[in-house]
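Taken together, the values in this text are just the output of simple stated rules run on the coordinates, not laboratory data. Treat the numbers as computed from the prediction; the structure is a model and nothing was measured. Reconstructed Cβ throughout: ideal geometry from the backbone, glycine too, with neighbour counts over all protein chains shown.
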Amino acid sequence: MAQEKTSILLSDVSIEGDLIEKDKIIIDAKINGDIKADEVNTHSNSNIKGNIKSKNASLGGKLKGNINADKISIKKTADIDGVLNQKSLSIEEGATLKIKTQTHD
């Protein structure tokens, strides 16, 4: 099996535009644009304005946009405003949410 690659964007990074990563992306940065990756992991310093499309999304930062993923995991540090579309959803107590959600098969 081919080795999975991980891209990491730290808190001193700011991006204007869409991001596409084939494998996994870890974000602790400011992004103004859509994100598409196999796995998206956002940390507490992240500030994203845009939509996320992935198989797995683990969210711990600020997000204004919609998420389409098979599995969404929301951490207690998350602040999310948008529509979630997923197969499975988990939310830690303490997260700030202004969301609509729907489950798909």
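For residues that are surrounded by 17 or more Cβ atoms within 10 Å (Cβ to Cβ) and in a loop (DSSP other than H, G, I, E, B), scanning just the range 73-105, find the one that is farthest from the chain's Cα centre (by Cα).
Here the answer is T77.
Let me spell it out: the conditions are (1) buried (at least 18 other Cβ atoms within 10 Å of the Cβ); (2) of a type in the set (A, V, I, L, M, F, W, C); (3) over 15 Å from the mean Cα position of the chain (by Cα), and V13 meets all of them except one. Which number is the exception?
Unmet for V13, out of (1) buried (at least 18 other Cβ atoms within 10 Å of the Cβ); (2) of a type in the set (A, V, I, L, M, F, W, C); (3) over 15 Å from the mean Cα position of the chain (by Cα): (1).
In the range 34-58, which residues are farther than 19 Å from S90 by Cβ and in a loop (DSSP other than H, G, I, E, B)?
D34, N45, G50, N51
Looking at the range 11-30, I want the residues that are over 17 Å from K62 (Cα atoms) and have a partner that is buried (at least 18 other Cβ atoms within 10 Å of the Cβ) and of a type outside the set (A, V, I, L, M) with Cβ atoms under 6 Å, at least 6 apart or on another chain. Which pairs are those?
Going by the 6 Å Cβ cut-off, the qualifying pairs are K24/E39.
Answer yes or no: is there a residue in the range 42-63 that is buried (at least 17 other Cβ atoms within 10 Å of the Cβ) and closer than 14 Å to S7 by Cα.
Looking for residues that are buried (at least 17 other Cβ atoms within 10 Å of the Cβ) and closer than 14 Å to S7 by Cα, one finds at least one in the range 42-63, hence yes.
Filter the range 20-60 down to residues that are within 13 Å of the chain's Cα centre (by Cα) and over 24 Å from L97 (Cα atoms), then give me how many there are.
Within the range 20-60, residues that are within 13 Å of the chain's Cα centre (by Cα) and over 24 Å from L97 (Cα atoms) number 3.
What number of residues within the range 8-29 satisfy the criterion of being more than 13 Å from T42 (Cα to Cα) and assigned to a loop (DSSP other than H, G, I, E, B)? Reasoning before the result, please.
Going through the range 8-29, the residues more than 13 Å from T42 (Cα to Cα) turn out to be 12-23.
Narrowing further to those that are assigned to a loop (DSSP other than H, G, I, E, B): 12-13, 17-18.
Number of matching residues: 4.
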